[in-house]
Amino acid sequence: MQLAETASERVLADEVRAFLSRARLRSEDLPRELDDRMVALRSWQAACYEAGFVGRAWPSEFGGGGRPPAEQIIVDQELAAAGAPEFVNVVGLDVLGPSLLRFGTDDQRRRYIPPILRAEEIWCQGFSEPEAGSDLASLRTLAVQDGDTYVINGQKTWVSWGQYATFCGLLARTDDSVPRHRGISMLLVDMSSPGVEVRPMTQITGHAEFSELFLDDVAVPRANLLGQLGDGWKIAMHTLGHERGTAALPRQVKLRTWLDRAVSVAAHRELDGRRVLEDPEAQTALARALIGVEVLRHHAYRTVGEFLSGGAVGPESSSVKLLMAEAEQRLAATVLDVLGPTLLSGAPDETAENDFWYETYLYSRAASVYGGARQIQRDIIADRILSLPKE
Ligand SMILES: Cc1cc2nc3c(=O)[nH]c(=O)nc-3n(C[C@H](O)[C@H](O)[C@H](O)COP(=O)(O)OP(=O)(O)OC[C@H]3O[C@@H](n4cnc5c(N)ncnc54)[C@H](O)[C@@H]3O)c2cc1C
């Protein structure tokens with residue numbers, strides 16, 4: 001399957017490129033300080049929305065573009081190829097927005113979808129807890145009905161962009177008398193509610209991209225229940241399928257741009273009196289990294305192809321998620337190996353490039369954890385795709 005194969009899709013790709021060459025904004029040009037970075041990222045997403053490049057395939061009655069899903073993928077790939085910043089409301093766009101569209105009432109869609117698209121309201125995802133990550137169904141955050149509200153008590157962790165979020169799509173136990181998967185519901189929590197406390201956590205990269213979230217008698221109106229009571233597990237699986245599957249196409253484009261960049265750095269830098277890229281071992285390692293990216297590209301096309309022809313994002317998204325993590329981690333580790341001591345050169349004109357590769361390597365460690373750990377993806381593949389017997 002090829003994207004941008006019809007005449008109108010090629011026109012769209014040209015339109016995005018023209019927009020990007022006018023905007024001239026690359027991720028690396030953003031402010032380093034996180035608060036300033038968020039301001040810049042919000043206005044970037046708003047500008048892209050005005051240009052018709054955000055929520056292009058979402059229903060037009062809720063502010064989307066009403067266009068075929070393939071067009072959003074074309075846009076996302078062009079943005080990735082140009083090194084443009086990712087949309088700041090990634091959790092709203094890729095994770096909770098699709099669930100709101102699928103399971104929300106019309107009132108909820110009208111209320112929440114347009115500000116997600118314009119990055120006016122940032123969303124976060126409150127699934128994981130200190131004792132419930134891979135085994136998500138063991139979550140202990142409780143929501144107890146009290147008249148027209150649910151009162152929530154509990155703790156969430158690893159909440160990406162929690163400190164900037166206006167709303168959280170939160171999983172809580174609403175019934176502990178039924179089997180555990182059936183007693184979970186999804187609530188839309190206003191992060192400014194009394195009793196919500198957010199504590200940012202600094203990652204190995206030095207940025208505090210995610211937070212712990214504490215909920216102490218937080219009252220949430222019944223109208224903020226997404227789907228039916230007890231639908232939380234079903235909605236979470238839909239949400240995670242999107243998170244795991246549809247991000248892979250733009251990601252593989254981005255990985256390819258990183259690889260091309262590493263090759264060009266290796267072609268210029270010298271180690272022991274010769275160009276790094278002339279070393280046969282470096283060539284082999286970079287070729288292996290390229291194979292990883294190509295394998296990801298083909299798998300991602302297949303999964304997305306099924307999605308575009310009307311299918312759901314199914315368990316195949318787990319194999320794409322696995323390959324995405326492997327390709328990213330192999331690429332980042334390869335670049336560190338290949339460029340080796342040249343990364344320590346200390347030459348002022350090389351500092352920004354070296355910092356980019358350190359950060360890329362450190363962040364790549366998260367790829368086999370977020371959206372569900374590597375072993376869990378393997379379990380899903382064994383169980384739901386290969387139908388292997390239980391251990
Ligand atoms: C960058 C990043 C962003 C994130 N953002 C969010 C977010 O916004 N919202 C949110 O809710 N969560 C978020 N997470 C959390 C993420 O979903 C969890 O980290 C993940 O599900 C794993 O859970 P855990 O960290 O509790 O690890 P654990 O579940 O404790 O797992 C630890 C290790 O044991 C392995 N393991 C566990 N169970 C099994 C098993 N049955 N068989 C074999 N091996 C097993 C795991 O694979 C892993 O290697 C984020 C994580 C990262 C890294």
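Read-outs throughout are calculated quantities, based only on the coordinates presented, and are distinct from any laboratory measurement. Remember, it's a predicted structure, so these values are computed and weren't measured experimentally. As a convention, Cβ positions derive from the backbone with ideal geometry for all residues, glycine included, and neighbour counts pool all protein chains shown.
The largest-to-smallest principal axis extents of the Cα set in the chain are 75, 47, 46 Å. Using the Karplus relation 6.51 cos²θ - 1.76 cosθ + 1.60 with θ = phi - 60°, the per-residue 3J(HN,Hα) values for the stretch 124-130 come to 10, 10, x, 9, 5, 10, x Hz, with x marking Gly and Pro. Counting neighbouring Cβ atoms within 10 Å and putting the fewest first, the residues K254, K156, K390 line up as K390, K254, K156. The angle between the Cα long axis of helix 7-23 and the main principal axis of the chain comes to about 80°, on a 0 to 90 degree scale. Here's how it looks for N89: its modeled amide H is under 5 Å from none belonging to a residue 5 or more places away or on a different chain.
Compute the signed sum of charges (Lys and Arg +1, Asp and Glu -1) over the other residues within less than 13 Å, Cβ to Cβ, of L259. Residues close to L259 contribute a combined charge of +4. Placing a label point 7 Å from the Cα of D383 along the Cα-to-Cβ direction, the residues of the stretch 161-193 with a backbone N closer than 18 Å are 179-184. In percent, how large is the relative contact order of the stretch 246-385, given Cα pairs closer than 8 Å and 6 or more residues apart? Result for the stretch 246-385 is 28 percent.
Calculated mean residue ellipticity at 222 nm for the chain: -15000 deg cm²/dmol, from DSSP H runs with n ≥ 4 weighted as -39500 (n - 2.57), summed, divided by the residue count and rounded to 500.
Each residue of the stretch 277-290 is assigned a 3J(HN,Hα), and the resulting list reads 5, 7, 6, x, 5, 5, 4, 5, 5, 5, 5, 5, 4, 5 Hz, derived from the Karplus form 6.51 cos²θ - 1.76 cosθ + 1.60 (θ = phi - 60°), x at Gly and Pro. One quarter of the convex hull surface built on the alpha carbon atoms of the stretch 246-385 amounts to 8.9 nm², the projected area averaged over directions. For the stretch 52-186, the alpha carbon convex hull comes to 136 Å³ per residue, rounded to a whole number. Applying 1/(1 + (r/R0)^6) with r as the Cβ-Cβ distance of E306 and D216 and R0 = 45 angstrom yields a FRET efficiency of 0.55.
A simple spin-label model places the labels of D135 and Q375 1.1 nm from each other, with each point 7 Å out along Cα-to-Cβ. Sorting T239, T202 by the number of Cβ atoms found within 10 Å of their own Cβ, with the fewest placed first, yields T202, T239. For L271, the residues whose amide H sits under 5 Å from its own are V276, ignoring neighbours fewer than 5 places away on the same chain, with H placed 1.01 Å from N. Using only the alpha carbons of the stretch 7-88, what is the convex hull's orientation-averaged projected area in square nanometres? Mean projected area for the stretch 7-88: 5.3 nm², to one decimal. Using a cut-off of under 15 Å, list every residue of the stretch 178-217 whose amide N is near the label point 7 Å from the Cα of D148 along the Cα-to-beta-carbon line. No residue passes the distance filter. Neighbour counts of other Cβ atoms within 10 Å put D355, D279, D106 in the fewest-to-most order D106, D355, D279.
Using C-alpha pairs under 8 Å with a sequence gap of at least 6, the mean separation divided by the residue count of the stretch 150-254 gives a relative contact order of 33 percent. Only Cα pairs under 8 Å and 6+ residues apart enter the sum, and on that basis the relative contact order of the stretch 83-193 stands at 22 percent. Eigen-decomposition of the gyration tensor built on the alpha-carbon atoms of the stretch 123-228 gives equivalent ellipsoid semi-axes of 23, 16, 10 angstrom, largest listed first. Helix 34-50 and the long axis of the chain differ in direction by around 80°, with both axes built from C-alpha atoms. To test your reading of the geometry: what angle, between 0 and 90 degrees and rounded to tens, separates the Cα axis of helix 106-117 from the longest principal axis of the chain? For 106-117 against the chain, the angle is about 20 degrees.
The charge dipole of the chain, taken about the Cα centre with unit charges on the Cβ atoms of Lys, Arg (+1) and Asp, Glu (-1), comes to about 800 debye, rounded to the nearest 20.
For S21 and D106, the FRET efficiency from 1/(1 + (r/R0)^6), where r spans their Cβ atoms and R0 equals 35 Å, is about 0.35. Between A267 and R199, what is the FRET efficiency for a Förster distance of 35 Å, r being their Cβ-Cβ separation, to the nearest 0.05? Calculated value: 0.20.
Dipole magnitude for the stretch 127-208: about 200 debye, using +1 per Lys or Arg Cβ and -1 per Asp or Glu Cβ, origin at the Cα centre.
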